[in-house]
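S.K.: Have a look at this one.
Any read-out appearing in this document is the output of simple, stated calculations on the displayed coordinates, not a laboratory observation. Predicted model, so just to flag it, every value in this text is computed and none were measured. Backbone-built Cβ (ideal geometry, glycine too); neighbour counts: all protein chains shown.
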């Protein structure tokens with residue numbers, strides 16, 4: 001059961017919106033009141049610059065909170081969560097490697113550093129729930145159940161790929177798995193996700209939709225239109241802003257007048273939380289609270305999950321807008337290292353079990369490489385298959 005330890009921004013934070021907000025951490029709409037134990041310490045995770053010592057202190061603080069949550073979570077689930085995080089990291093490191101030698105063409109947006117967001121949120125779903133995301137979609141596709149082989153073959157443009165080699169990096173999709181893409185248009189998936197959640201309500205289910213997007217998409221009109229409609233009509237959509245602090249190469253501080261994205265939901269009376277995206281258990285608990293609201297009466301939620309991507313916007317991005325030192329500081333509180341250390345301290349897994357999880361991830365990734373290499377390219381006759389015009 002989720003504990004009430006939501007990580008939400010306070011108005012005293014360095015980058016927070018100047019608009020006064022309640023000091024008790026309460027949210028508008030019908031959200032339950034949640035208070036952060038770590039709001040002051042979180043400044044190391046949510047400011048534009050972070051001191052390495054401060055980041056390490058934040059890592060220690062987050063570990064203590066993770067230990068609390070781990071005690072109340074099934075070992076099998078914890079093992080699967082760790083495996084999916086490690087698989088995502090190892091898989092995408094391999095993607096970067098094969099991209100550099102020309103095996104993958106076109107765009108390739110990696111998720112390295114953000115694994116806790118996808119795993120913590122999507123592994124809280126049940127059968128019949130949906131997920132939709134942006135073009136940074138490889139890891140979320142695998143969490144949904146699309147095989148690493150199908151994902152990597154799609155990146156190779158091979159016929160064994162998830163959508164036959166025609167979508168490439170940005171367009172993973174599986175109706176059977178409830179995963180409705182990778183979308184290349186910034187913010188485009190927000191309206192689609194709202195419609196998907198409306199369909200779930202219309203059919204009389206208690207299912208919900210997770211709709212992922214980056215912080216730069218918040219400046220699109222579709223974001224505000226969708227939140228207004230969802231709150232007005234009680235549409236069970238959970239809007240997850242993966243705030244990795246850079247929209248392509250532009251820092252959030254240079255592009256957004258109000259940096260507290262969670263608070264934007266208050267304009268529509270919608271429940272909202274600020275979450276530390278480097279803590280997989282905090283993400284899971286916040287998502288479970290949002291899911292409970294959605295299943296109960298269709299209430300939507302906006303989660304601002306603050307994280308950090310170690311890679312550039314895409315593989316073609318040299319990343320000269322930030323320093324190596326900045327990246328290293330955030331790596332002091334790496335989500336996988338944090339989770340492993342917490343699990344080890346809690347005595348959940350032995351060193352042998354940790355090694356087995358790492359080896360499984362490496363073997364699954366190598367199996368994906370072998371499959372992608374051996375899979376043929378699509379036949380020329382496939383060029384117009386699944387293409388429709390009025």
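S.K.: Identify which of 57, 131, 141 has the largest mean-square fluctuation in a Gaussian network model of the chain, with springs joining Cα atoms closer than 10 Å.
M.R.: 57
S.K.: Follow-up. Can you tell me which of 67, 302, 152 moves the most in a GNM of the chain? Springs connect C-alpha atoms under 10 Å apart.
M.R.: Of 67, 302, 152, the most mobile in the Gaussian network model is 67.
S.K.: Of 222, 185, 112, which has the largest mean-square fluctuation in a 10 Å C-alpha GNM of the chain?
M.R.: 185
S.K.: Okay, moving on. Could you tell me what a quarter of the Cα convex hull surface of the chain works out to, in nm² with one decimal place?
M.R.: That works out to 19.0 nm², a quarter of the Cα hull's surface.
S.K.: So between residue 57 and residue 388, what do we pick up on full extension, going 0.36 nm a residue minus the alpha carbon distance?
M.R.: Here the answer is 113.6 nm.
S.K.: Add -39500 (n - 2.57) for each DSSP H run of 4 or more in the chain, then divide by its residues: what number comes out at 222 nm, to the nearest 500 deg cm²/dmol?
M.R.: The helix-only estimate for the chain comes to -13500 deg cm²/dmol at 222 nm.
S.K.: Could you state the principal axis extents of the C-alpha atoms in the stretch 73-182, from the largest down, to the nearest angstrom?
M.R.: Per principal axis, max minus min of the Cα coordinates gives 42, 27, 21 Å.
S.K.: Once the piece of chain linking residue 325 and residue 234 is laid out straight, how much longer is it, given 0.36 nm per residue of separation minus the C-alpha distance between them?
M.R.: Details: separation 91, 0.36 × 91 = 32.76 nm, distance 4.45 nm.
Result: 28.3 nm gained on full extension.
S.K.: I've got another one for you. Using DSSP, restrict attention to beta bridges with both residues in the chain and report what percent are antiparallel, rounded to the nearest 5. Write out the running numbers ahead of the final one.
M.R.: On the way: 3 of 27 bridges.
Counting only bridges with both partners in the chain, antiparallel ones make up about 10 percent.
S.K.: Before anything else, pin down the relative contact order of the chain: Cα pairs under 8 Å, at least 6 apart, normalised by residue count, whole percent. Write down the numbers at each step before the final one.
M.R.: Details: 767 pairs, mean separation 95.1, N = 390.
About 24 percent, as a whole number.
S.K.: First measure r as the distance between the Cβ atoms of residue 250 and residue 123, then evaluate 1/(1 + (r/R0)^6) with R0 = 41 Å and state the FRET efficiency to the nearest 0.05.
M.R.: Working from the Cβ atoms, E equals 0.85.
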